[in-house]
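Since the structure comes first, as structure tokens, the remarks are kept for the end.
The values are calculated or read from the model by the stated rules, or taken from the named source; none is laboratory data. Owing to the predicted nature of the structure, the values given are computational and were not obtained by experimental measurement. Note: ideal-geometry Cβ built from the backbone for every residue, glycine included; neighbour counts use all protein chains shown. Only protein heavy atoms, including side chains, enter the accessible area calculation; ligands, DNA and RNA are left aside. Shrake-Rupley method; radii C 1.70, N 1.55, O 1.52, S 1.80 Å.
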Amino acid sequence: MTERQVLRIHCHLDDQGYDQGYDQRYDPELYERLIELLHDFTPRTQALPPADADCDVTGALRYFRTDPYGLAQLIRMRALALYGVATTIGSGPNRMLAAMAADATPPGEVTHLGPEPEAIAAFLRPRPVGALYGVGPAVATLLVRHGLHTVGAVADTPVGTLQRLLGRVQGRRLHERAHGLDDRPVTPLEPARSLGAEHSFAHDELDPHRHREAVLALSEHLGIRLRAEHRVARRLTLTVRYADRSTTSRGRALPEPTGHGPALTRAGYDLYASLGLQRARVRGIGLRAEELRPDAYATVQLSLDPADDRARRIESSADRARARFGETAVRPATLARR
């Protein structure tokens, strides 16, 4: 049986240099051309906007008669020769290891991680626990507080202990990741699209509380639509339309792809606050969820907040009620009063 091989490609789309960060100036047309270039090597290419992609090259290796390192070098040279874009590439037997290899690679170079258990352990075990895929700051802090400073220490910890710290599902998932296991497929995705909604006031509205109510209603509506379509958003954009018909827009990448209503609402409130509106005569507010992806392939950080777990369970129950009785069957109390 052929060993699976995955490449994670970081495209340095900022031509001002690596020190500026590769995604400082996102060029969607250039990114699309780079994705087309990757499709020349393998149809199993999953775009990860704004500047990354995963490629399952298991079948491509035989076609190009090379190994993962050689194929990565070929991709790197073609991207540079055709489009002037430098790339940093990590190679591994699954998506998590390929991504971690890319993160550990100097800009513009290639790192190949072989499928041998010894090679995987040698790569993973010395790394800080915060470098492990899906481990956010809160989980990393908790693990370090219990003496688990490295991925190797997590791997050596009994799964039952991790489950007592993080919960049954998250503890087992962390244990698997610490051993280099990740069964997520590389799935070709249709071009990212967006969902939008807008609220128009009956008259020019000066009250910030009414503005925030509109943001809440729009966030709830987008969340319901996203979850119904089994999608998550990577970015949120807020647009405010004023009495003189001028508009102001603010966009922000979300901490993680999500269709969770409270997460969208928090991001919407932050975007509204960033506008610094004071006695502005607002005619309408629009909210758009962008860079949509199927929810099955979203990265979800491990959480320590039981309230968040309860909120998601309640949200799932509310969605079932809405599917049966309509979208207004369950609403936030603030909106229900209106």
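Structure values in brief
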| read-out | value |
| --- | --- |
| Qualifying trypsin sites (Lys or Arg not before Pro) for the stretch 29-129 [loop in DSSP, other Cβ within 10 Å: at most 10] | ARG65 |
| Sequence of TYR63, TYR69 from largest to smallest accessible area, 1.4 Å probe | TYR63, TYR69 |
| The stretch 56-175 - percent of accessible surface contributed by carbon and sulfur, probe 1.4 Å | 57 |
| Stokes-Einstein D (µm²/s) once Rh is taken as the Kirkwood radius of the stretch 114-191 over alpha-carbon pairs, at 10 °C in 1.306 mPa s | 121 |
| Where THR161, THR247 fall by accessible area, highest first, once all protein chains stay in place (1.4 Å) | THR247, THR161 |
| Portion, in percent, of the accessible area of the stretch 224-286 that falls on carbon or sulfur, probe 1.4 Å | 45 |
| Cα gyration tensor of the stretch 59-137 - equivalent ellipsoid semi-axes, whole Å, descending | 24, 17, 9 |
| Pairwise label distance in nanometres, GLU118 with VAL144, each label 7 Å out on the Cα-Cβ vector | 3.3 |
| Zone residues, the stretch 249-268, relative to ALA311, backbone N less than 20 Å from point 7 Å out along Cα-to-Cβ | 252-268 |
| Karplus (6.51, -1.76, 1.60) ³J(HN,Hα), θ = phi - 60°, over the stretch 174-182, in Hz, Gly and Pro reported as x | 5, 4, 5, 5, 5, 9, x, 9, 7 |
| Long-range Cα-Cα pairs in the stretch 56-193 (distance over 24 Å), rounded percent | 40 |
| Karplus-derived HN-Hα couplings along the stretch 222-235 (A = 6.51, B = -1.76, C = 1.60, θ = phi - 60°), whole Hz, x at Gly and Pro | 5, x, 4, 5, 4, 5, 5, 8, 6, 10, 10, 10, 9, 8 |
| Charge tally in the Cβ shell below 11 Å around ARG4, where Lys, Arg are +1 and Asp, Glu are -1, ARG4 excluded | -2 |
| PHE64, PHE201, reordered so the largest accessible area comes first (probe 1.4 Å) | PHE64, PHE201 |
| Additional length obtainable on full extension of the chain from ALA81 to ASP156, 0.36 nm per residue less Cα span | 22.5 nm |
| Förster radius 22 Å - calculated FRET efficiency between ASP40 and ASP103 (Cβ-Cβ, nearest 0.05) | 0.30 |
